[in-house]
Amino acid sequence: MIAVFDSGVGGLTVAKSLKIQYPALPLLYVGDTARYPWGNKSPAVIRKYCDQFVNYFQKKNINRIIIACNTASTFAGSYLRDHYRQVTFFDVIDPVMKTLTKQFQQRKISKVGIIGTRGTIASHVYQSKIKQLSSAIKIQSRACPLLVPLVEENFHDHPATSLILKHYLQHFTNIDHLILGCTHYPLLQAQIQELLGPKVKLLSSAREIAKQIKLNPNDFSPNRPDEYFFTDCSSHYHELTSRIMDQSIKVKQLPLSQINQC
Ligand code: DGL
């Protein structure tokens, strides 16, 4: 079994891409809806939440964990790898950078846009990795903190979301790539593409991680059902999860009291 976690439903974009790539992969999904959004929180708080989730997964003997959140990958990725040596972690930033590097080697990049949470953008995680790749690549970045609540509200194709997207995206000029630096954003991909035009290539962590991750199907425990938990669960999350995963999904409550003990 593999664990996938995020602040809310954003990590489901990763879970969905993984299930397309590895349909028999049993997964345990946890969205921390009781404490979302994570994007405005400090690195110390994000690390504390990640510690709690990793300890919870370890109690369940799960040793492969996908950090399906850019903010958590940014603030806790190296920390988790250093502290839990027996666990294999997959983050959502490295796969995007790998694809971007290939694009660069094929001379397809001159200006990259990045959108993400306040934390991810302020950390400069993508900006410094791109600069390391080449100082000739121009970069524009923007934090888009209103997008996560819109996605969590199931406003994926609501006119209010188009308006907010227009406001954020008008900042970008002449970019050839846009990094969707938050796992919630692939759910707005069609609208983003429409606003930016077909020439801009969108890089989604959900798609890139699923394309690049190497898992051995022989390691999967057969017939183990997937499980979807939220730390604050209501019928809203049943509808939203089912919509995102394109099938009826039974979601369950994982009380924060259980997480806090970890
Ligand atoms: N989906 C997460 C990310 O990729 C977190 C968004 C949030 O809770 O603010 O950063």
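The values are calculated or read from the model by the stated rules, or taken from the named source; none is laboratory data. Keep in mind that this is a model prediction, so the values were computed, not measured. Backbone-built Cβ (ideal geometry, glycine too); neighbour counts: all protein chains shown. The accessibility values were calculated without ligands, DNA or RNA, using every heavy atom of the protein model including side chains. Shrake-Rupley method; radii C 1.70, N 1.55, O 1.52, S 1.80 Å.
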Original post:
Restricting the stretch 97-108 to residues that are in contact with a Lys or Arg (Cβ under 9 Å, 6 or more places away or on another chain) and among the hydrophobic types (A, V, I, L, M, F, W, C), which is nearest to the ligand (Cβ to nearest atom)?
Top reply: Met97
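Quick one: which strands (runs of 3 or more DSSP E) lie wholly within the stretch 195-255 and hold at least 2 residues that are within 17 Å of Pro26 (Cα to Cα)? First the steps, then the outcome.
Values: elements: 201-204, 227-230, 251-253.
Of the strands (runs of 3 or more DSSP E) lying wholly inside the stretch 195-255, those with at least 2 residues that are within 17 Å of Pro26 (Cα to Cα) span 227-230, 251-253.
How many residues are over 17 Å from Arg243 (Cβ atoms), crowded, with 17+ Cβ neighbours inside 10 Å, away from the ligand (no atom under 13 Å from the Cβ) and not aliphatic (A, V, I, L, M) when one looks only at the stretch 1-22? Give the steps one after another, and end with the answer.
Filtering the stretch 1-22 down to residues over 17 Å from Arg243 (Cβ atoms) leaves 1-5, 7, 18, 21-22.
Right, trim to crowded, with 17+ Cβ neighbours inside 10 Å and you get 1-5, 7, 18, 22.
Still in the running and away from the ligand (no atom under 13 Å from the Cβ): 1-3, 18, 22.
If we keep only those that are not aliphatic (A, V, I, L, M) too, we end up with 22.
Qualifying residue count for the region: 1.
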**OP:** Can you work out which of the residues in the stretch 23-33 that are more than 12 Å from the ligand (Cβ to nearest atom) and in contact (Cβ under 8 Å) with a residue 60 or more places away in the chain is most open to solvent (accessible area, probe 1.4 Å)?
**Re:** Ala24
Original post:
Residues Thr71, Thr120: which one is within 12 Å of the ligand (Cβ to nearest atom), in contact with a Phe, Trp or Tyr (Cβ under 7 Å, 6 or more places away or on another chain), within 28 Å of Leu240 (Cα to Cα) and polar (S, T, N, Q)?
Top reply: Thr71
Subject >> Residue tally, condition open to solvent by less than 30 Å² (accessible area, probe 1.4 Å) and of a type in the set (Ser, Thr, Tyr), over the stretch 135-178 >> reply: 2
**OP:** Taking Ile114 as meeting all but one of (1) within 14 Å of the ligand (Cβ to nearest atom); (2) surrounded by fewer than 20 Cβ atoms within 10 Å (Cβ to Cβ); (3) farther than 28 Å from Leu27 by Cα; (4) not charged (D, E, K, R), write down the number of the exception.
**Re:** (2)
**OP:** Return only the number of the condition from (1) away from the ligand (no atom under 16 Å from the Cβ); (2) in contact with a Leu (Cβ under 6 Å, 6 or more places away or on another chain) that Asn55 does not satisfy.
**Re:** (2)
Original post:
Looking only at the stretch 133-191, which residues are assigned to a helix (DSSP H, G or I) and away from the ligand (no atom under 15 Å from the Cβ)?
Top reply: Leu133, Pro159, Ala160, Thr161, Ser162, Leu163, Leu165, Lys166, His167, Leu169, Ala190, Gln191
Original post:
Of all residues in the stretch 57-94 being touching a strand residue (DSSP E or B) at 6+ places or on another chain (Cβ under 8 Å) and among the aromatic types (Phe, Trp, Tyr), which is most open to solvent (accessible area, probe 1.4 Å)?
Top reply: Phe90
Subject >> Filter result for Gln132 (surrounded by fewer than 20 Cβ atoms within 10 Å (Cβ to Cβ) and over 29 Å from Asp32 (Cβ atoms)) >> reply: yes
Original post:
If you go through the stretch 179-224, how many residues are of a type outside the set (Gly, Ala, Ser), more than 13 Å from Val14 (Cα to Cα), open to solvent by 30 Å² or more (accessible area, probe 1.4 Å) and in contact with a Pro (Cβ under 7 Å, 6 or more places away or on another chain)?
Top reply: 1
Original post:
Residue check, Asp157 against (1) charged (D, E, K, R); (2) farther than 29 Å from Ile65 by Cβ; (3) without any contact (Cβ under 8 Å) to a residue 12 or more places away in the chain, all met but one. Which one?
Top reply: (3)
Subject >> Residue check for Leu202: touching a residue at least 12 places away in the same chain (Cβ under 8 Å), of a type in the set (A, V, I, L, M, F, W, C) and closer than 30 Å to Lys108 by Cβ >> reply: yes
**OP:** Go through the stretch 39-52 and give me each residue that's among the hydrophobic types (A, V, I, L, M, F, W, C) and more than 13 Å from the ligand (Cβ to nearest atom).
**Re:** Ala44
